[in-house]
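Values in this text are rule-based calculations from the coordinates and carry no lab data. As the structure is a prediction and not an experimental result, all values here were calculated from the model. Cβ: placed from backbone, ideal geometry, glycine included. Neighbour counts: every protein chain shown.
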Ligand code: HEM
């Protein structure tokens, strides 16, 4: 069972935030490609570490001492440890040879050594200060981190004796308190909240010149995560697609044969003319699934969903790996549980309630002009998808919209609510065929309510079969909403 302290850490393994310079340096390491990306929901994924490194500059005064005019020595890295820069700009980077993630515990092992030499003996090749830290192991468990190393050091005897090297194995040198981690895509970073603390046994590595608890350099860790899914329990696409028999009563939004939790959308709008701004009311039902947000402000809580109007790219779905650029959003609401509405900025910033029964009502300002300002191409529509960095394929739905010139006799008609034109067949199937075959398990139209003359209220109800999705971590830009 996870402790509250650990929870943000593990949750954040699928979260997002700023990348640090260290994370950027890891960017060259190939992360999971889209092809091998996970095909399960975020909370089912198992994360492993693909590459990791950390920076720990020992202690500024020590580095100055060793490389400065007192010790006139050097600090060198061997193997997977590199030392760059000089004096106060010295940076010591440790590249993990092995990285293991076990629940909330991240363990990095570094092959290599850091070697400090100082006070050269006048008449020999020996250095009176000769300290080597090797076999480094960094463990981060929730908010606690500790660095363990084998230490080989000449103890300080006097100012002219190079005493025999003394070996000590598995010395815990320094401990830190860690901040909350951040993640950008597969890149995971975590820093200490401040300086580290030298341990009693770690004093030996520094000639016992420091006291236990003395400040040591802070720690910055970056890792590239690899996400995989457990063995699938069900095929990505059901063998027998849920082919709804022609609904005899389209005005009945609920289909008793479908599970209660099948998300459905309905919307009502006045005629959508190409000019002006129209208020479209979107209602949702069946959004009962417990989908967890992976980034603040809702990390670890129900992620809710975005209800957005915009001109989205053909491939816009987070679960298919589409980045935020694919989703230029002219207006958006965020449906979250009532207790979380203030956390996301309240109604003033677009929060609407997602009730415990999984329903919501959101009003969107729909303006063709506004959407056109954001994108030169793409499909006008109302889109829903999981918020807070979560990925939930069954919540990714689209209601395509069409705008008409200001004067026509006929009202604006939504296009068929299938939203992946690139996956539609080219066989000349009719719209109805396409809806029925719905080869990606998507958007079976249950009905159209009230489609009448100019100014008519259009209500479309769509449902969709959840389908397996590919992982992604690009998150939508949310103008006017907290991230
Ligand atoms: C010829 C032998 C040595 C001489 C003359 C010497 C001299 C000094 C001096 C003058 C300082 C004070 C620096 C300052 O506070 O500004 C110092 C600090 C220190 N020495 Fe040595 N030392 C010697 C050997 C060693 C050895 C063998 C070790 C470790 C095994 C060692 C570890 C340290 C450490 C850790 C500091 C504290 C550096 C700091 O953080 O400011 N020294 N030493």
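Data for the structure
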| read-out | value |
| --- | --- |
| Shape call, the range 58-193: gyration tensor on alpha carbons, a/c limit 1.5 | prolate |
| Where labels lie 7 Å past Cα in the beta-carbon direction, separation of residue 197 and residue 211 in nm | 1.3 |
| Relative exposure of 277, 109, judged by other C-beta atoms within 10 Å (fewest first) | 277, 109 |
| Residues 384, 199, 172, sorted so that the one with the fewest Cβ neighbours within 10 Å comes first | 172, 199, 384 |
| Residue order, fewest to most beta carbons within 10 Å, for 403, 309 | 403, 309 |
